[in-house]
Amino acid sequence: MDKKPCKQSLTVKTSHVLPPDTNVHGTLFGGKLMAYIDDVSSIAASRHARKAVVTASTDSVDFLNPVHEGDTICLEGFVTYTHKTSMEVFVKAVTENLITGRRDICATAFLTMVAIDENNKPSSVPHVYPETEEEKWLHEGAEKRAAHRKERKSESKDMAEKFGTDLPWFRA
């Protein structure tokens, strides 16, 4: 498989923040922003792999600044690192007040997407290579983030086993 530059997967999405998108504080629902992040991530990963993808994990979504009703939200995402069938995608969200022009980064996130074939089985992806200083910085930290993901997944499996499927899991 050929290698592809990070920039080839760049995906940008801009939306107005409308009243149905906001909570009682007049700011964007966190879940709505998370859905936007997942959407941008899946498009970037599919663009890189030229295959269908599924979300394997979201490392964290760090909400840094509020997004107010009437603002815009612009998300940029691209593949920063690849393994055999998985891709790490970095997504940055920027809010903008269209009247004042003020822009703030409101969130950042890393997601892992897995390419799948027509039988919904993991499928190989092309390697990615960084070109800019920012891409190189993200690329260099990817293996460390992958190790954290692996550890967190193991802890999640342990927790799932401990709590099981019985409802309710809490006892009086």
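The values are calculated or read from the model by the stated rules, or taken from the named source; none is laboratory data. Values in this document were obtained by computation on a predicted structure and should not be read as measured data. Cβ coordinates were reconstructed from backbone atoms using ideal geometry, including for glycine residues, and neighbour counts include every protein chain displayed.
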*Exactly one of (1) touching a helix residue (DSSP H, G or I) at 6+ places or on another chain (Cβ under 6 Å); (2) within 23 Å of Lys3 (Cβ to Cβ); (3) not β-branched (Val, Ile, Thr) is unmet by Ser86. Its number?*
(1)
*Go through (1) closer than 30 Å to Pro130 by Cβ; (2) surrounded by fewer than 12 Cβ atoms within 10 Å (Cβ to Cβ); (3) free of Cβ contacts under 8 Å to residues at least 40 places away in the same chain one by one and return the number of the condition Ile43 breaks.*
(2)
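Taking the stated definitions as given, is Gly26 out of contact with any Cys (no Cβ under 7 Å at 6 or more places or on another chain), touching a residue at least 24 places away in the same chain (Cβ under 8 Å) and closer than 29 Å to Glu151 by Cα? Break it down stepwise before answering.
Working: out of contact with any Cys (no Cβ under 7 Å at 6 or more places or on another chain): yes; touching a residue at least 24 places away in the same chain (Cβ under 8 Å): yes; closer than 29 Å to Glu151 by Cα: no.
So Gly26 does not fit the description; no.
Just checking, how many residues over the range 97-111 are hydrophobic (A, V, I, L, M, F, W, C) and either more than 19 Å from Asp38 (Cβ to Cβ) or assigned to a helix (DSSP H, G or I) (or both)? Steps first, answer last, please.
Within the range 97-111, the first condition is being hydrophobic (A, V, I, L, M, F, W, C), and the residues that meet it are 98-99, 105-107, 109-111.
With the extra rule that they be either more than 19 Å from Asp38 (Cβ to Cβ) or assigned to a helix (DSSP H, G or I) (or both), the set shrinks to 98-99.
Total satisfying the criteria: 2.
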*Only one of these conditions is not met by Ile37: (1) buried (at least 16 other Cβ atoms within 10 Å of the Cβ); (2) out of contact with any Gly (no Cβ under 6 Å at 6 or more places or on another chain); (3) in a strand (DSSP E or B); (4) of a type outside the set (Phe, Trp, Tyr). Which number is it?*
(3)
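Can we say Ala56 is crowded, with 23+ Cβ neighbours inside 10 Å and either outside any loop (DSSP other than H, G, I, E, B) or of a type outside the set (A, V, I, L, M, F, W, C) (or both)?
Numbers: crowded, with 23+ Cβ neighbours inside 10 Å: no; either outside any loop (DSSP other than H, G, I, E, B) or of a type outside the set (A, V, I, L, M, F, W, C) (or both): yes.
Answer is no for this residue.
Listed here are the residues, each with its yes/no results for (1) of a type outside the set (Val, Ile, Thr); (2) crowded, with 16+ Cβ neighbours inside 10 Å; (3) at pLDDT below 95.
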residue	(1), (2), (3)
Ile99	no, no, no
Arg103	yes, no, no
Pro130	yes, yes, no
Lys136	yes, no, no
Glu140	yes, no, no
Arg152	yes, no, yes
Asp158	yes, no, yes
Arg171	yes, no, yes
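Just a yes or no: is a residue in the range 106-129 among the hydroxyl-bearing types (Ser, Thr, Tyr) and free of Cβ contacts under 8 Å to residues at least 12 places away in the same chain?
no
If I go through the range 112-144 residue by residue, how many of them are assigned to a helix (DSSP H, G or I) and within 21 Å of Asp39 (Cβ to Cβ)? First the steps, then the outcome.
Narrowing the range 112-144 to residues assigned to a helix (DSSP H, G or I): 133-140, 142-144.
Those left that are additionally within 21 Å of Asp39 (Cβ to Cβ): 138.
Total meeting the criteria: 1.
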